[in-house]
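Data block below; observations after.
The values are calculated or read from the model by the stated rules, or taken from the named source; none is laboratory data. Computed from a predicted model, the values in this text were never measured in an experiment. Please note: Cβ atoms are built from the backbone with ideal geometry, for glycine as well, and neighbour counts cover all protein chains shown. In case anyone asks, the SASA skips ligands and DNA or RNA and just uses the protein heavy atoms, side chains included. Shrake-Rupley method; radii C 1.70, N 1.55, O 1.52, S 1.80 Å.
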Amino acid sequence: VEAYEIVQLSCELLSERINLITQSKECPADMLSTVATIIWASSIVDIPELIEVRKQLRYKFGAAFDEMAMRNVDGILNERVTSKLSVQPPAAYRVQTYLEKISDEHQVGWKPTVPLQAKDISQPMAAPIGKDVAEGAGSGLGAPVLPTI
């Protein structure tokens, strides 16, 4: 959700600055990150209008600029957008922090059974092992359910 909000704000900024952009042959320096982020995000999110905006920006600034944005040359993309739309799993610390905040907001009283140590902060969250949730009665994985007569 946060990534979509940032992309929305970027589109609004682009709309506000469209007169400057139409008069420039190259992308204005203060709009590089915004324009590049919109181009990059258009290939990730499922928003047809964003794809059309990307086509127009590619026409305006050229294929080289489009490729530069897609490869994140010189780290010009908005880091929050790239991290939020990334296919990489979030860091375990971030997941644990979110869970603790949600627990506090809803007064659940949950605390992690194994608190993270300093060396674990940047590691991705461990995948579930399959035994975190009990088998459902109708799943066929637990004890067989005999029909009643």
Take peptides 92-98, 12-18, 109-115, 32-38 and line them up by average Cβ neighbours within 10 Å, highest first, as a rough protection proxy. 32-38, 92-98, 12-18, 109-115
Charges at C-beta only: +1 for Lys and Arg, -1 for Asp and Glu. How large is the resulting dipole of the stretch 1-71 about its Cα centre, in Debye rounded to 20? 360 debye
Farthest towards the positive end of the dipole of the stretch 1-48, among Val35, Leu14, Ser24 and with Cβ unit charges of +1 on Lys and Arg and -1 on Asp and Glu, lies the Cα of Ser24
So, in Å, what gap is there between the alpha-carbon centers of the stretch 1-42 and the stretch 67-101? 19 Å
The stretch 60-76 - phi-based ³J(HN,Hα) in whole Hz, Karplus 6.51/-1.76/1.60, Gly and Pro as x: 6, 9, x, 5, 5, 5, 4, 5, 4, 5, 5, 9, 6, 4, 6, x, 7
Can you give the accessible area of Glu67 in Å² (nearest 10), computed on protein heavy atoms with a 1.4 Å probe? 80 Å²
Computed label-point distance, nm, for sites Leu116 and Ile47 using a 7 Å Cα→Cβ extension: 2.8 nm
Going by the alpha-carbon gyration tensor, a ≥ b ≥ c the square roots of its eigenvalues, is the stretch 31-86 rounded (a/c under 1.5) or, if a/c is not under 1.5, prolate (a/b greater than b/c) versus oblate? oblate
To the nearest 20 debye, the stretch 33-111 has a Cα-centred charge dipole, built from +1 on Lys and Arg Cβ and -1 on Asp and Glu Cβ, of 100 debye
Across the stretch 82-88, in residue order, what do the Karplus-derived ³J(HN,Hα) couplings come to in whole Hz, using 6.51 cos²θ - 1.76 cosθ + 1.60 with θ = phi - 60° and x for Gly and Pro? 5, 6, 6, 9, 6, 8, 6
If you plug each phi of the stretch 23-29 into the Karplus form 6.51 cos²θ - 1.76 cosθ + 1.60 with θ = phi - 60°, what whole-Hz ³J(HN,Hα) values come out, in order, with x for Gly and Pro? 8, 9, 7, 10, 5, x, 4
So what is the relative contact order for the stretch 1-71, in percent, with contacts set as C-alpha pairs under 8 Å and at least six apart? 30 percent
